[in-house]
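Q: To start, I am sharing the structure in question, which I have written as structure tokens.
Laboratory data are not the source of any read-out in this text; all were calculated from the coordinates shown. Worth saying up front: this structure is predicted, and the values here are computed from it rather than measured. Here the Cβ positions follow ideal geometry from the backbone for every residue, glycine too, while neighbour counts run over all protein chains shown.
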Amino acid sequence: MSIEHRNPYLNALDEDFLYHLGLDTTMDLEGMFGDVKFVCMGGSADRAESFAKKLVNDLDLDIPEEDIQPLGKTERGSLFKVGPIISMSHGMGMPSMTIFLHEVTKLLEHAGATDYKYIRIGTSGGVGVEPGTVIVAEAGVNGKLKAEHEAVVLGEVRTYPTELDVQVCEDIVALAEGIRVQVGKTLGADDFYEGQGRLDGALDPGYTEEDKMKFLERAYAFGVRNYEMEAPAFAAFCLRAGIPAALVCAALLNRFEGDQVTSTKQELAEYSNNAQELVVRYLAKELGERPTVNP
Ligand code: R2B
Ligand code: URA
């Protein structure tokens, strides 16, 4: 099989070791992953597993739940395959997620997969939205309230655009019946506490409740509807790679009302499930139009 890599430097490698996934090109990657059409990812390994099991139960793929076992290693994240869908975790924050984006993208190239899409299914803090709302992002925004991703490369700051795929966003939102969904910008911060303007971190933050509220109002006016920790890097990576991508996050709280996540375990599970359910509906619709593939 002749492989087209996005990065020409990869052509010089005899083997490629996808260190954090625990997979490498000495394995039959084509047989294992050649049919992948969707990669669904989120921070938590538990949610990657529960999403994989939800896919088995909700989609007509004829795969027994016992067959859902992590592939590769599980030290840093877990990766499951359910028919043409990968469900995987990427840890918290842009540095961790970016590593997994590079490795899963190389994995799909080595496997010869084509026409695949990425969907991040996350949790988030709502900005002016009720807990339980699902925000489908039109773009990622950084902590400076700019719709761009800044990365330091070889000692210099590089800036990349962060729009998400309009068509995939619209197709997902169209399936929202019974689920409270909003389209908006998602602010990806570098921290859960001060990076998201919280007042309940371990250190004196050096800003006030009033400062926080003013910033939240500015963010809301800019179109931001939720805070998480990956959006700009996720959108920028997928745009650079030419991979259509969507970001679908459940809001666990409304940041205008507080900083602490006080919902019960059951409420949190219900909120996460809203985002997963919306994506399952989208996958079911998309895959309904394709022939079913082997597990
Ligand atoms: C949402 O939740 C995590 C922090 O609690 C982080 O990964 C994110 O983006
Ligand atoms: N994840 C975040 O990054 N922020 C929140 O407020 C909730 C979940």
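Q: Does region 66-113 come out rounded, prolate or oblate by the C-alpha gyration tensor, with a ≥ b ≥ c the root eigenvalues, rounded set by a/c under 1.5 and, if not, prolate when a/b is larger than b/c and oblate if not?
A: Since a/c reaches 1.5 but b/c is at least a/b, the shape of region 66-113 is classed as oblate.
Q: May I pose another question? Expressed in nm², what is the orientationally averaged projection area of the convex hull enclosing the Cα positions of the chain?
A: 16.1
Q: Let me ask something else about it. Go through region 31-47 residue by residue and turn each phi into a ³J(HN,Hα) via Karplus (6.51, -1.76, 1.60, θ = phi - 60°); whole Hz please, and just put x for glycine and proline.
A: Working through the residues one at a time gives x, 7, 10, x, 9, 5, 10, 9, 10, 9, 9, x, x, 9, 5, 4, 6 Hz.
Q: Charges at C-beta only: +1 for Lys and Arg, -1 for Asp and Glu. How large is the resulting dipole of the chain about its Cα centre, in Debye rounded to 20?
A: Value, rounded to 20: 500 debye.
Q: Another question about this same structure. Return the calculated 222 nm mean residue ellipticity for the chain, to the nearest 500 deg cm²/dmol, obtained by summing -39500 (n - 2.57) across DSSP H runs with n ≥ 4 and dividing by the residue count.
A: Calculated mean residue ellipticity at 222 nm is -10000 deg cm²/dmol.
Q: Please arrange SER87, SER2, SER124, SER44 by counting, for each residue, the other beta carbons lying within 10 Å of its beta carbon, fewest first.
A: SER2, SER44, SER87, SER124
Q: Another question, if that's okay. Which of the three applies to region 141-295, rounded, prolate or oblate, going by the alpha-carbon gyration tensor with a ≥ b ≥ c and a/c under 1.5 meaning rounded?
A: Judged from the Cα gyration tensor, region 141-295 comes out oblate (a/c at least 1.5, b/c at or above a/b).
Q: Checking the a/c ratio against 1.5 first, then a/b against b/c, what shape does the Cα gyration tensor give for region 224-295?
A: oblate
Q: Got a sec? How would MET92, MET1 order by Cβ neighbour count within 10 Å, fewest to most?
A: Sorted ascending by nearby Cβ count, the order is MET1, MET92.
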